[in-house]
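The values are calculated or read from the model by the stated rules, or taken from the named source; none is laboratory data. Computed from a predicted structure; not experimentally measured. Cβ sites come from the backbone with ideal geometry, for glycine too, and all protein chains shown count toward neighbours.
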């Protein structure tokens, strides 16, 4: 259900002290302003300078001026977000950003980092996942909260629309910056924002609420799948026993293999790679049948009665 900006902030109960991930845009600026008003002296800001565009230094200067105006401590991290072969520049920048945020949060001894993603961002994430043929994990969109090393990461504005945030911020008399890349339609997310969301708004005025509800349903189902996968992996062992895996249905086998690769080895097999692995396990009726399948950045191989992953 959509919330007003004020209602979303009122329902936000983070562990303190916290920092807001501050880009200088409207969403993070509004979040920082509201948090500093609610918890004066307990809020900091973290700005990540990717150095990917000419305006990066002006973004940093704007954030510094804003934090000085609000009397908020600002931590700036400068990162080099070069992408690996086969990785998109956006994905590389996202990974670098979250690693830098986490390092800064630990160095500042924070208990929470608040992110300014909102309901429109969630819709874009779900549409991107659909366009890529993603499973439940992708259709669940962005998580409202998760933890890493005792630090909570929260998205309190997910129930709030982008226009509502900008309207609230305009009433406060606080300025923000517009990232010029946000209108560059070579990026899929920007094409969704510019072309699809206005049409969705006309055809389905409540699309933010309905997409958010579908994302919550997908997240709940994904949680259930992860619980089943953890139980199956506990039975199969680590490394997993092939005989135990072969007793599972194909869908359940695929589920536990994805869980094993991700939770134990930090890998994600493509749909084609997983199909190949499922086929080889199904054909593995004899001890002499070999298994060797590309998965993520390495290979899944047979080692005696078990599966093994090697990078």
Checking residue 190 against (1) touching a strand residue (DSSP E or B) at 6+ places or on another chain (Cβ under 8 Å); (2) part of a helix (DSSP H, G or I), which single condition isn't satisfied? (1)
What is the number of the single condition among (1) in a helix (DSSP H, G or I); (2) free of Cβ contacts under 8 Å to residues at least 40 places away in the same chain; (3) within 19 Å of residue 223 (Cα to Cα) that residue 268 does not meet? (1)
Do we find a residue being outside any helix (DSSP H, G or I), over 18 Å from residue 210 (Cα atoms) and touching a residue at least 60 places away in the same chain (Cβ under 8 Å) anywhere in the range 159-170? no
Given the options 7, 45, name the one that is at pLDDT 95 or above and surrounded by 16 or more Cβ atoms within 10 Å (Cβ to Cβ). 45
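Table: residues versus (1) in contact with a strand residue (DSSP E or B) (Cβ under 9 Å, 6 or more places away or on another chain); (2) under 24 Å from residue 70 (Cα atoms); (3) surrounded by 15 or more Cβ atoms within 10 Å (Cβ to Cβ).
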| position | (1), (2), (3) |
| --- | --- |
| 133 | no, no, no |
| 139 | no, no, yes |
| 146 | yes, no, no |
| 159 | no, no, yes |
| 171 | no, yes, no |
| 181 | no, no, no |
| 205 | no, no, no |
| 213 | no, no, no |
Residue 221 - would you say it is outside the structural domain of residue 297 (by TED's automatic domain parsing), surrounded by fewer than 17 Cβ atoms within 10 Å (Cβ to Cβ) and in contact with a helix residue (DSSP H, G or I) (Cβ under 6 Å, 6 or more places away or on another chain)? yes
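Name the single residue that is modelled with the highest pLDDT among those in the range 67-95 being closer than 21 Å to residue 182 by Cα and assigned to a helix (DSSP H, G or I).
95
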